[in-house]
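Colleague: What follows is a structure written as structure tokens; I'll ask about it next.
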Amino acid sequence: MNILKKLLYPIAITATLTLSACSIFGVYTIDLPQGTPITQAQAQQIQPGMSKNQVLYLLGSPAMRDTLAPKRWDYIYDYAPGTYGKREGKEVITNASQHLIIYFDDSETVVNVEGIESLPTSTK
């Protein structure tokens, strides 16, 4: 029984130290993009008179299509860098700081575009 106790203590201490060392390396986290990343050049292609299908072709689906405001499409982009994003120095984009709004009329053509200045000039 004494031999078992003599072996059990070093094994327990080694296991405890080994498991606690895992926290030194950190946990892998993924990049978390939400929405559609759009540049100013892409948004400037949207012109009054374009149809909804043309906008879909150029920008993709909007992040928000409000059923109470069907004549408005919102393109919002947020980004939280994960492990690799932080290593590459990618910036955090939150609170819908990149927000493009496209307004349509009754015939489903573009009337107005807002928020182009909030978009980046290029994707990094």
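Colleague: For the chain, what is the accessible area per residue in Å², given a 1.4 Å probe and the full set of protein chains?
Modeller: Numbers: 8890 Å² over 124 residues.
Result: 72 Å² per residue.
Colleague: Report the extension gain between K90 and R72 in nm, rounded to one decimal, defined as 0.36 nm multiplied by the number of residues separating them, less their alpha carbon distance.
Modeller: Here the answer is 3.4 nm.
Colleague: Run lengths n ≥ 4 of DSSP H only: what is the helix-derived mean residue ellipticity at 222 nm for the chain, with -39500 (n - 2.57) per run over all residues, to the nearest 500?
Modeller: Working: 4 runs with 42 residues, N = 124.
Helix contribution divided over all residues of the chain: -10000 deg cm²/dmol.
Colleague: If the label point is 7 Å along Cα→Cβ of E108, which residues in region 42-57 have backbone nitrogen under 14 Å from it?
Modeller: 50-57
Colleague: Could you check how much of the accessible area of the chain is carbon and sulfur, as a whole percent, using a 1.4 Å probe? Don't skip to the end; give the middle numbers.
Modeller: On the way: 5320 of 8890 Å².
Summing carbon and sulfur atoms, their accessible area is 60 percent of the total for the chain.
The values are calculated or read from the model by the stated rules, or taken from the named source; none is laboratory data. Quick caveat, the model's predicted, so the values are computed rather than measured. Heads up, the Cβs are rebuilt from the backbone with ideal geometry, glycines too, and the neighbour counts pull from every protein chain shown. Just so you know, the surface numbers come from the protein's heavy atoms only, side chains and all, with ligands and any DNA or RNA stripped out. Shrake-Rupley method; radii C 1.70, N 1.55, O 1.52, S 1.80 Å.
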